[in-house]
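K.L.:
Quick one: the structure is below, questions incoming.
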Amino acid sequence: MKPILINGWHFEQEEYYKSWSEGILLTASIETSNICNLACSYCFREEKNVVSKKRLNNELTLEESLKLIDDLAQLGVRCINIAGAGEPLLDPHLPAMLERIFSYNIIPLIATNGSCINDFWINKFKETGASVMIKVNSFDSRKQDLMVNRKNYSKIRDMALNKLISAGFNKLEEGVVTRLSINSLVSRETIYEIPEIFEFCRNNNIMPCMETFIPAGKTRDWSENEVGKMEFLDLARSIKMRDISRNIFYDRLWPYLGGVPCTQNGKSSMFIDIRGDVFDCPAGRRKYGNIRDSSIEEIFGKVKASETNYCFGCPIRDSFGKM
């Protein structure tokens, strides 16, 4: 059996290759406002020493964000990831963005810290066919609250996770496709808890999205809390043996645990930030243009001209820090 993947990340490798060769943009990542109610020590969308994420100057307007979605649809996009720059559910533009994405029969995938999920959002996610990825670095409330610098966050997050499960977001489609994922950071603080969180995912039909630091923002530079690639691979092999006992089989061990592939960086995907700048992925350091100056189609042409269709790993992490 294949590993469970979230709807929007479930495309076969052949679909990425085919899209790339035919000039189709299969997936894209966009952002909502920079506003956030947490102050995560590992935030890759904020610089060091920043303790409060506020709205940025020159953020895309709602009209610009909706036009961006229109333009991405014209390029053939089938999934749009919404992952930051802050907490998406705090941005009043999000409902309209979800509705516009849904109008094109595109899958919206929301990455959220879970602190704002209520019945309104549960219903909105259902109405628009959205998949949801929620942050769970630890089930230890004290540790989790310290990592995000907010007291009682973990209690609120756990309630949100239970709401999503009760609403059926972890119900499987086609046997291996879910609409719920848990995103966990594999670090010195959390590495011994990761197997427990992974087991929770497998037992509840949730896609585990478990990774090391993204080398950008607050974690651009190596830190002592970082887990190197070799240690991560040791953990991945241990996890894989557990999966084999469940008759779940895969080859990939990197950059995510559990056979989950990276769906960005040269694999018929692009990242457009809240100011309209375009990169190959959220950790990308090469800017290809800005949607206020050039069309998305023109910028996608630049990405294709300079990027190979990378084999579902993570070239940015491969070039970062101690491996």
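K.L.:
Note down the Stokes-Einstein diffusion coefficient of the range 204-306 in µm²/s, whole number, using a Kirkwood radius over alpha carbon pairs, 4 °C, and 1.567 mPa s. The partial results should precede the final answer.
P.N.:
On the way: Rh = 16.0 Å.
The Stokes-Einstein estimate is 81 µm²/s.
K.L.:
If we count every other residue with Cβ under 12 angstrom of SER154's Cβ, Lys/Arg +1 and Asp/Glu -1, where does the sum land?
P.N.:
Charge balance in the 12 Å sphere: +4.
K.L.:
Per residue, how much accessible area does the range 47-135 show when a 1.4 Å probe rolls over the protein heavy atoms, in square angstrom?
P.N.:
Computed with neighbouring chains in place, this is 43 Å² per residue.
K.L.:
Could you tell me which Cys residues in the chain have no other cysteine's Cβ under 4.7 Å from their own Cβ, answering none if every one has a partner?
P.N.:
CYS36, CYS79, CYS116, CYS201, CYS209, CYS262, CYS281, CYS311, CYS314
K.L.:
Now, a different point. How much of the accessible area of the range 221-323, in percent, comes from carbon and sulfur atoms when a 1.4 Å probe is used? Don't jump to the answer; show the numbers that get you there.
P.N.:
Working: 2290 of 4510 Å².
Of the solvent-accessible surface of the range 221-323, carbon and sulfur hold 51 percent.
K.L.:
Round to the nearest 0.05 the FRET efficiency obtained for PHE139 and ARG285 when R0 = 41 Å and r is the Cβ-Cβ distance.
P.N.:
That gives a FRET efficiency of 0.75.
K.L.:
With 24 Å as the limit, write out which pairs from LYS126/LYS240; LYS67/LYS302; LYS53/LYS151 have Cα-Cα distances beyond it, or answer none.
P.N.:
Checking Cα-Cα distances, LYS126/LYS240 exceed 24 Å.
K.L.:
Place a label point 7 angstrom from the Cα of LYS171 along the Cα-to-Cβ direction, then list the residues of the range 1-41 whose backbone nitrogen is under 20 Å away.
P.N.:
Residues 4-10 qualify, since their backbone N sits under 20 Å from the label point.
K.L.:
Can you give the calculated 222 nm mean residue ellipticity of the chain, where each DSSP H run of n ≥ 4 adds -39,500 (n - 2.57) and the sum is split over every residue, rounded to the nearest 500 deg cm²/dmol?
P.N.:
-9500 deg cm²/dmol
K.L.:
Here is a follow-up. Starting from a Cα-only point model with no solvent, please compute log10 I(q)/I(0) by Debye for the range 127-278 at q = 0.10, 0.15, 0.21 1/Å.
P.N.:
-0.39, -0.92, -1.55
K.L.:
Could I ask something else about it? Simple spin-label model, 7 Å along Cα-to-Cβ: ARG275 to SER295 in nm?
P.N.:
2.6
K.L.:
Across 10 Å bins from 0, what is the distribution of all Cα-Cα pair distances for the range 60-106, in whole percents?
P.N.:
So the P(r) values, bin by bin, are 27, 59, 14.
K.L.:
Extent of the range 82-155 along each principal axis, from alpha carbon coordinates, in Å, largest to smallest?
P.N.:
Cα spread of the range 82-155 along its principal axes, largest to smallest: 42, 19, 18 Å.
K.L.:
Using only the alpha carbons, work out the radius of gyration and Dmax of the range 17-114 in angstrom.
P.N.:
14.6, 44
K.L.:
Filter the GluC sites (Glu not before Pro) in the range 129-210 down to the DSSP loop ones having no more than 15 other Cβ atoms within 10 Å, then list what survives. Walk me through the numbers before you get to the answer.
P.N.:
Values: sites: GLU173, GLU174, GLU189, GLU193, GLU196, GLU199; in loops: GLU174, GLU189, GLU193.
Taking the range 129-210 and a limit of 15 other Cβ atoms within 10 Å, the loop GluC sites (Glu not before Pro) found are GLU174.
K.L.:
Sticking with this one: Between rounded, prolate and oblate, where does the range 155-209 land on the alpha carbon gyration tensor, with a ≥ b ≥ c its root eigenvalues, rounded for a/c under 1.5, else prolate if a/b exceeds b/c?
P.N.:
oblate
K.L.:
When the accessible area of the range 79-139 is split by element with a 1.4 Å probe, what percent falls to carbon and sulfur?
P.N.:
The C+S portion of the solvent-accessible surface of the range 79-139 is 52 percent.
K.L.:
How compact is the range 187-253 by the rule of thumb for globular proteins, expressed as Cα Rg over 2.2 N^0.38 Å?
P.N.:
Scaled against compact globular proteins, the figure is 1.21.
K.L.:
Using a 1.4 angstrom probe, figure out how much accessible area the range 222-280 has per residue, in square angstrom, rounded to the nearest whole.
P.N.:
Using a 1.4 Å probe on heavy atoms only, each residue of the range 222-280 averages 37 Å².
K.L.:
Over the chain, one equal point on each Cα, no solvent: what is log10 I(q)/I(0) by the Debye formula at q = 0.11, 0.12, 0.15 Å⁻¹?
P.N.:
Those come out to -0.65, -0.79, -1.36, one per q.
The values are calculated or read from the model by the stated rules, or taken from the named source; none is laboratory data. Bear in mind that the values here come from a model prediction, so they are computed numbers and not experimental data. Glycine gets a Cβ as well: all are built from the backbone with ideal geometry, and neighbour counts include every protein chain shown. Protein only, heavy atoms only, side chains kept; ligands, DNA and RNA dropped before computing areas. Shrake-Rupley method; radii C 1.70, N 1.55, O 1.52, S 1.80 Å.
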